[in-house]
1. Do you know which residues across the range 383-429 are within 26 Å of Gly456 (Cα to Cα), in contact with a helix residue (DSSP H, G or I) (Cβ under 8 Å, 6 or more places away or on another chain) and buried (at least 17 other Cβ atoms within 10 Å of the Cβ)?
2. Would you pick out the residues in the range 1-27 that are more than 30 Å from Phe94 (Cβ to Cβ) and outside any strand (DSSP E or B)?
3. Would you check which residues across the range 1-40 are among the aliphatic types (A, V, I, L, M) and either over 23 Å from Val120 (Cβ atoms) or at pLDDT 95 or above (or both) and list them?
4. Scan the range 251-272 for residues that are at pLDDT 95 or above, over 11 Å from Ser283 (Cα atoms) and aliphatic (A, V, I, L, M) and jot them down.
5. For the range 174-195, check the following and say yes or no: at least one residue is surrounded by fewer than 23 Cβ atoms within 10 Å (Cβ to Cβ), modelled with pLDDT of 95 or more, aliphatic (A, V, I, L, M) and in a strand (DSSP E or B).
6. Working carefully through the options Ser107, Ser95, find the one that is assigned to a loop (DSSP other than H, G, I, E, B), modelled with pLDDT of 95 or more and either buried (at least 20 other Cβ atoms within 10 Å of the Cβ) or within 16 Å of ligand 1 (Cβ to nearest atom) (or both).
7. Any idea how many residues of the range 110-156 are part of a strand (DSSP E or B) and of a type in the set (Gly, Ala, Ser)?
8. For Ile239, state whether it is away from ligand 2 (no atom under 16 Å from the Cβ) and among the hydrophobic types (A, V, I, L, M, F, W, C).
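The values are calculated or read from the model by the stated rules, or taken from the named source; none is laboratory data. Keep in mind the model is a prediction, meaning the values are calculated, not measured. We place every Cβ from the backbone using ideal geometry, glycine too, and count neighbours over all the protein chains shown.
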Amino acid sequence: CIAHRYTFTVREVPYTKLCSTKTILTVNSQFPGPVIKVHKGDTIYVNVRNRASENITMHWHGVEQPRNPWSDGPEYITQCPIRPGSDFMYKVIFSIEDTTVWWHAHSSWTRATVHGLIFVYPRPPESLPFPKADHEVPLVLGEWWKRDVREVVEEFIRTGGAPNVSDALTINGHPGFLYPCSKSDTFHLKVEKGKTYRIRMVNAAMNLILFFAIANHSLTVVAADGHYIKPLKATYITISPGETLDMLLQADQNPKRIYYMAARAYQTGNIAFDNSTTIGILSYFSSHKAKTPSFSGYYPTLPFYNDTSAAFGFFTKIKSLYSGQVPVQISRRIITTISINLRMCPQNSCEGPNGSRLAASMNNISFVTPSHMDILKAYYYHIKGVYGTRFPEFPPLFFNFTAENQPLFLETPRLATEVKVIEFGQVVELVIQGTSLVNALDHPMHLHGFSFFVVGVGFGNFNISEGEPSSLYNLVDPPYKNTMTVPINGWIAIRFQANNPGVWFMHCHLDRHQTWGMNVVFIVKNGREPNQQILPPPDDLPPCYE
Ligand code: C2O
Ligand code: CU
């Protein structure tokens, strides 16, 4: 059943996992949070009531929110936070989204436990382009710390990086029986032989790209990031933080056996990470002996943890269901590097090289989030001093981005709040180039306010001299997404038409890198027509304080 009004009460609730109890932020005391169900094109109202002791904002990830950046959510980008004891009514406008998207908090690392799925259904007479499943299965992959997440972030910021490794991965909040004290804290999916299940999955982990598979059952992926794709049969999938996938599962195996599903990290580069595995159980109803944790069952095979060709083998097989939707002419090409950097500390007091700490940047600017007033309000009301408009169109210099030795001055970027202004209606091609500065890694880049076509993905350096690196481009049926992972020492090219006026955040969806400044903001100007302009602000916008 479908409601158009929701109340999300954010409060702290004790949860016990891995033999220890802590208080976590939840929506309506649920973890993962409640599922929102809408039809394509609906507008819903979500009253977010902050009854916790820290600030919160809410973001509707993958929802374009046409002309309505006021309800987009990123803290100090489109709004000031909802303070403890206050409320804000989000107006969430669905337009082009077809399948599964999600919502999550967008203030500091609060999204670690404040997140949930959004199921989008076709609006009749439209129907699904694939056979309707018998059942729907929400499947939220997550990451769990035994410590309070606030402490984890504080320490992460203070030390400049290292100790942020989570204690467990989770499936629908359950670590699974491979972890201590988790025998009965294991996700269990019971299926009926002969039926089809539609898994609606999100990777809600904070910092990990994941591999996932189910033993003896292949998955037919039918949608990615809220849009239909050509059905893709897979024995494992790769999913980055921020991404959603819809997959069909046929219950067609021997019903007397038990099958495990598993997720664990895909991780390259030189960093400490949570390399543990979360397990869930799949059993058939007829197999009445299939009691919770049994240790005799089939395990799936997952790719090796740093297998980049396995990770991108999956990503690059995703193609839009539709052809001929990509804008072929572009108005401008913006090229930006994304890098891990160093940042000097007072008296060289930090724990990194020469007393520095780690940072991150785009085009050599480490994004500084404003701390008193959001960029949207500053833009709308012409308030000066909150941001600059000088985000560079190109990297400060064209070098061998992925070479072993890099020009040293690039290691320490400028700290600034620079946005990129785009004229209404421009077709933008954005090339995002990974670099080997400090630590080459994969980065799942997410854009608010738009879906974009992933027209190119490549390893090494983007070739600027050839106008159109056509052999690596797909202008026929590229996937239409809101998050795309830039391969380690590689690049992606994405295209979108700037037909959504507003202030839109773009950032790495690994929260470590977002915290370090791998972010930019696009301001898309109003068009001429009244229906090409930002909607007026709601009157209950959370106030900003000095
Ligand atoms: Cu999923 Cu800026 O967010
Ligand atoms: Cu990143």
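1. Once the filter is applied, which keeps residues that are within 26 Å of Gly456 (Cα to Cα), in contact with a helix residue (DSSP H, G or I) (Cβ under 8 Å, 6 or more places away or on another chain) and buried (at least 17 other Cβ atoms within 10 Å of the Cβ), the range 383-429 yields Val419, Phe424.
2. Within the range 1-27, Leu18, Cys19 meet the criteria.
3. Val10, Val13, Leu18, Ile24, Leu25, Val27, Val35, Ile36, Val38 - these are the residues of the range 1-40 that are among the aliphatic types (A, V, I, L, M) and either over 23 Å from Val120 (Cβ atoms) or at pLDDT 95 or above (or both).
4. Ala262, Ala263, Ala265
5. yes
6. Ser107
7. Adding up the residues that qualify gives 2.
8. Answer is no for this residue.
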